[in-house]
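Have a look at the structure below, then the notes.
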Amino acid sequence: MSNIQPFLRLSGLEPLVLRPETNFVNVGERTNVTGSKKFARLIKENKYEEALSVARQQVEGGAQVIDVNMDDAMLEGVQAMTTFLNLMQSEPDIARIPIMIDSSKFEIIKAGLKCVQGKCIVNSISMKEGEAKFIEQARICKTFGAAIIVMAFDEVGQADTLERRVSICERAYKILVEQVGFAPQDIIFDLNIFAIATGIEEHNNYAVDFIEATRIVKQKMPLCKVSGGVSNVSFSFRGNDHVREAIHSVFLLHAIAAGMDMGIVNAGQLQIYDQIEPQLRELCEDVVLNRRSEATERLVAFAETVKSTGKETVKDEAWRNNSVEERLKHALVNGITDYIDTDTEEARLKYPRPLHVIEGPLMDGMNVVGDLFGSGKMFLPQVVKSARVMKKSVAWLTPFIEQEKLDNPLALQSGAAKILLATVKGDVHDIGKNIVGVVLACNGYEIVDMGVMVPADKILDKAQEIGADIIGLSGLITPSLDEMVHVAKEMKRRGMTQPLLIGGATTSRTHTAVKIAEQYDNGVIYVLDASRSVPVAGSLLSEEQKKEFLQETNDEYERIRNDYANKKTIKEYISFADAQKNPVAINWEGYTPPTPNLIGNLSFDDYDLNEIRPYIDWTPFFITWEMKGRYPQILHDPLSGAEASKLFNDANVMLDKIIAKKWLTAKGVIGIWEAEKPSPDTILLPNPKGDGKAYRLESLRQQIKKAASQPQFCLADFIAPNQQYGQDYMGAFAVSIHGIEMHIDAYNKAHDDYNKIMMQALADRLAEAFAELLHLRTRKEFWGYAKEENISIPDLIKEQYQGIRPAPGYPACPDHTEKIKLFDLLDVQNTAGITLTESLAMSPAASVCGWYFSHPQSGYFGIGKILKDQLEDYAARKQMSIEAMSKWLSPNLEEQ
């Protein structure tokens, strides 16, 4: 019997085995909302079917793996990832190759893992938040059978040196192999490809460090793979595809020779190394390998004479015949210092004050630079050159400004303003911030750079300590946007007055206007890029310009907010006090709460799966497999009926095996207790431990304005008030399906992804069926308020019964923190074997929990948006801070 070789084995509908002789694997990058404007636009416009064409083009262009990323602040990432991956799986010409699920939010990765067929790659996890989180996420990925990309950064930050790249990878490897049990061949290291030729000296060796780190990592951990985002290396030349493609080809030649196995790159736009024109190839070699101190300047000069069409640009001195304002603008845009002293002096003599030269023609020129760079018509090194022109001009003016201070101490001067820059907590990317710092420093500002992963309190403490004039926040990954909102809120709470600059790859003008600017009143400015930071800072620090500039910005943001709001359904709300006066109208005098047959808790350690099986709702099972239609009609659908029937038969064959061989175990617990309602939205339950301390369950109430006859629903409405009408009761449950892990591992080892996914889908269905069955037994036996109930299972699935079982975190009770009380009441961890993560998700994944209400008028509903008055009341009842409660209820908070 032959041994299975330790190769990285991936699959879509077809296998992809990375053998020693396998050359570089192209990972298609265009199905990424942060990397393709077309793809982002299609996704935001819900044109998912059309967006599939982007993926198809990547496959046709030679991509062997498809990278899918939905990290955009204005997208519901989980929904977008789920929708698009499910659509991809239904297209055989796309689904034949493996998927790389790419996100900085692990919840999005988990959603993607539930959708893909075959063996995928997760991009990425890291030790950024410490070893415990790293191990937790790695285990989840392993459970789904995915290979993983491990980013080379840790608690300290992103590895930007050769030594840190290697040491972080060695540490991660030891944890993954020895503690998590990952196969070494399923580990892929991303050693951080950074932009070179930026005009900043310390960036010059970034490519060399990556290449050498690759060589060392492959020597020390030979079964692991090395990957990276190739397009990052050429970011300085965005807008010039001809030069970028040449840099990619040169970089890959050396990186692949060192052992790089795969990379995210536009597969259809890679030049053949030998076909790059010799001059450009040599210039790219110099830059990539850092062979000359002037390599960047030489490549920039070449780039200025060639576009993707290969046309030459014509240079002349005609610009010298223009006005001094136009000459200064031309010098700034083109980075020309030859005449800057002469032109600056001419302008100084023309304008009333030297400061007016800075605030006038120089800022006008930098505005043009910003526009050109923002549209991709200028490169980062050119922007740095523009800043140097600006610095030289300011240096000429400085003695005159200082003299003006001496002659007239009351004259308004800009001075050496302090600008505090920081990459927010949770983010380790700072190249863009560094460039902003260089550009601003070149313009005479004092820059205080706090680095990366800086918590809000440290940023603001430092700003107050040094007397910062402006605070600048940077971030690349999507979670950074939430942190920026938090910083803005904290600035308002502290009563700070400094303007706040927002920048970074995932930020946008819309997000700044809608999400951040509303939280702070003293100026929140979106800065598109480094060059724009100069005129923005100048305007904010100018007594003459600041008021008008902020007003123009606020007017613009108001238009953006209005446009954004007009895309939503216009809704009206009522006060919380008025909402409480409009509960569900229940005739309590004519109602006697049913007395349960069971008071207390009852657990089920190994419930018979044969009994659970008939209660499976098969419609969600087919949705999992992207087969649309209700069961059982889908089995007879003229288009999909044959495949649906085959899938259904396979599922039942596996169910037979699961039950016969006792592969899975159903555990659960229910409880029913006396319930009181001391106030409109609070329910009291006794402590099962008998210590006399009651549990206070807090409920939210609808605040959307309704017709006069419609109530403002709240779960507490279904409990009798203050025992005036007899003792009422309430219950809860938690169920889970255990034992899936060993079988998933076995299917992974057998490369049987079909049955692996089938097992996971069935475990989910069994958990829901178990919850349905226990609810039935509760209604008929344990509580007994519907002893005579006799409805079919299809009608049961349609919830055509008395009572409800709403789950914490879902529409009727969206606060996940109430789940903690449910777990305490039922002692869920010990009775049902379910644990809660820090985000209050349940593990195992195939778990369900919820409350039991028995009243005939109880029904399902959604709370929707609530107003601040209810948030404050709810937080007080929960004895939680407004800030903490806002975090948990953020999707339900109406912006006021």
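The values are calculated or read from the model by the stated rules, or taken from the named source; none is laboratory data. These figures come from a predicted structure and were not determined experimentally. Every residue, glycine among them, receives a Cβ derived from its backbone with ideal geometry; neighbour counts consider all protein chains shown. For the accessible areas, the whole protein counts, side chains as well, though only heavy atoms, and no ligand, DNA or RNA atoms are used. Shrake-Rupley method; radii C 1.70, N 1.55, O 1.52, S 1.80 Å.
Points worth noting:
- Rounded, prolate or oblate (a/c below 1.5 giving rounded, otherwise prolate when a/b exceeds b/c) for segment 687-746 by Cα gyration tensor: oblate
- Less than 5 angstrom separates the built amide H of A675 from those of D728, Y729, M730, all sequence-distant by 5 or more or on a different chain.
- Extension reserve of the R291-T837 stretch, reckoned as 0.36 nm per residue once the Cα distance is removed: 191.5 nm
- Take the Cα of E346, step 7 Å toward its Cβ, do the same at Y801, and the gap between the two points is 8.8 nm.
- Cα gyration tensor, segment 1-138 - rounded (a/c under 1.5), prolate or oblate: oblate
- For segment 62-114 and segment 156-230, distance of Cα centres in Å: 24 Å
- Restricting the calculation to Cα atoms, every distinct pair contributes to the Kirkwood radius of segment 789-867, found to be 14.2 Å.
- Structure-derived Cα Rg over 2.2 N^0.38 Å: which label, when the choices are (i) 1.43; (ii) 1.07; (iii) 1.01: (ii)
- Residue-wise HN-Hα coupling along segment 81-90, computed from phi with Karplus coefficients 6.51, -1.76, 1.60 (Hz; x: Gly, Pro): 4, 4, 4, 5, 5, 4, 5, 4, 5, 8
- Amide H to amide H, with H built 1.01 Å from N, L893 comes under 5 Å of I866, counting only residues 5 or more places away or on other chains.
- Taking every DSSP helix (H) stretch of at least 4 residues in the chain, weighting each as -39,500 (n - 2.57) and dividing the sum by the residue count yields a mean residue ellipticity at 222 nm of -12500 deg cm²/dmol.
- For segment 828-889, convex hull volume per residue from C-alpha positions, Å³: 157 Å³
- Amide H contacts of V226 (H built 1.01 Å from N, in plane; Pro and chain starts excluded): F189, D261, M262 sit under 5 Å, all sequence-distant by 5 or more or on other chains.
- Rolling a 1.4 Å probe over the protein heavy atoms leaves F144 with an accessible area of roughly 40 Å².
- Per-residue ³J(HN,Hα) for segment 44-60, Karplus 6.51 cos²θ - 1.76 cosθ + 1.60, θ = phi - 60°, Hz, x for Gly and Pro: 5, 8, 6, 9, 5, 4, 5, 5, 4, 5, 5, 5, 4, 4, 5, 5, 5
- Segment 5-52 - convex hull of alpha carbons, volume per residue in Å³: 105 Å³
- Listed pairs K174/K220; K821/K878; K462/K547; K37/K865 exceeding 23 Å between Cα atoms: K462/K547; K37/K865
- A660-E611 FRET efficiency (beta carbon distance; Förster radius 22 Å; 0.05 resolution): 0.90
- Gyration tensor (alpha-carbon) shape descriptor, segment 89-210, a/c threshold 1.5: oblate
- For trypsin sites (Lys or Arg not before Pro), the sites in segment 1-75 that DSSP calls loop and that have at most 14 other Cβ atoms within 10 Å are K47.
- Average Cα contact separation per residue, the chain, under 8 Å, 6 or more apart, as relative contact order %: 8 percent
- Cβ-derived FRET efficiency at R0 30 Å, F7 paired with K174, nearest 0.05: 0.85
- Whole-Hz couplings from phi, Karplus 6.51/-1.76/1.60, listed for segment 813-822; x for Gly and Pro: 9, x, 7, 5, 5, 5, 5, 4, 5, 4
- Counted charge near V59, where neighbours are those whose Cβ lies closer than 15 Å (Asp, Glu -1; Lys, Arg +1): -3
- Per-pair calculated FRET efficiency, R0 = 22 Å: T682 and T595 via Cβ, rounded to 0.05: 0.45
- Taken along the Cα-to-beta-carbon direction at a fixed 7 Å, the label points for K405 and D461 span 3.1 nm.
- Area of I863 that stays accessible when all protein chains are in place (1.4 Å probe, Å², to 10): 0 Å²
- Which of I560, I470 is most accessible, then next, and so on - probe 1.4 Å: I560, I470
- For the pair Q710 and N322 in one chain, pulling the backbone fully straight at 0.36 nm per residue adds 132.5 nm over the alpha carbon distance.
- Model label zone, N790; criterion: amide N under 13 Å from point 7 Å along Cα-to-beta-carbon; scope segment 849-870: none
- In Å², nearest 10: area of V65 left accessible to a 1.4 Å probe: 0 Å²
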